[in-house]
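Laboratory data are not the source of any read-out in this text; all were calculated from the coordinates shown. Just so we're clear, the structure is a prediction, and the values are computed from it rather than from any experiment. Cβ placement follows ideal geometry from the backbone for every residue including glycine, while neighbour counts extend to all protein chains displayed.
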Amino acid sequence: MSDLPLTLPDDSAALLRTALDRERKLDRALESLGPLAGRDVVVLDGGPDELARYADADARVTAISGPAPWTLPDASADVIVSVWAGFRGVTANDLAEADRILRPGGRLLVVHDYGRDDVSRLRGDLVEHGEWTRRDGPFLAGGFRLRVIHCFWTFDSIEDARAFLSAAFGDTGAVVGSGLKRPRLSHNVAVYHRDRGASAQP
């Protein structure tokens, strides 16, 4: 389930859900790139918070999970959204299945961490922060374009932020927390977006 970009113990996960992107920059970016409102939207491996947000935005939401193939009719969706959990890289089979489900003019939106931020100091080296962001990586070489959204984890106070970081990330979190000047951490998010049928780079 993909309400969060990482797996945490229940108490820490609940705190992060209240802190993650309070400004709703990611929601606005997905709406701009989709759009989602009033359309048939397929959500891959979506968490309950994510699914509720799209439904509240008047999208007609269908939830699917797991790897392709997916049991949906041909040309049944305007947009497919995958946030954090799905499309761990790109395969020809995944793209063909997305194109089968999407209507002409449909869009595939895939969200992952981008790195180069405070959050990446907590998580260490991830393929999301390196290979996936390059021009010859699986997304940009696979017909996707990239929009980077500059989000934050925002807490009510620096003390709250430091307590969360220490509980969730141990010594590494305590080090990052000690350097905070404001009660938030920068979190850069990549939205890889692709039109139905977009071809890979030659």
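What the table below lists for this structure:
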read-out	value
Over the chain, relative contact order from alpha-carbon pairs under 8 Å, at least 6 apart, %	23 percent
Test item: Cα-centred dipole of the stretch 1-106, Lys/Arg +1 and Asp/Glu -1 on Cβ, debye	200 debye
Label-point separation, residue 167 to residue 147 (7 Å along Cα→Cβ), nm	3.4 nm
Dipole in debye (nearest 20) - the chain, about Cα centre, beta carbon charges: Lys, Arg +1; Asp, Glu -1	660 debye
Placed amide H near residue 106: partners under 5 Å, 5+ positions off or other chain	196
Trypsin sites (Lys or Arg not before Pro) lying in DSSP loop within the stretch 1-62, provided at most 13 other Cβ fall within 10 Å	22, 24
For the stretch 10-195, Kirkwood radius (reciprocal of mean inverse C-alpha pair distance, Å)	17.4 Å
Qualifying trypsin sites (Lys or Arg not before Pro) for the stretch 82-124 [loop in DSSP, other Cβ within 10 Å: at most 13]	116
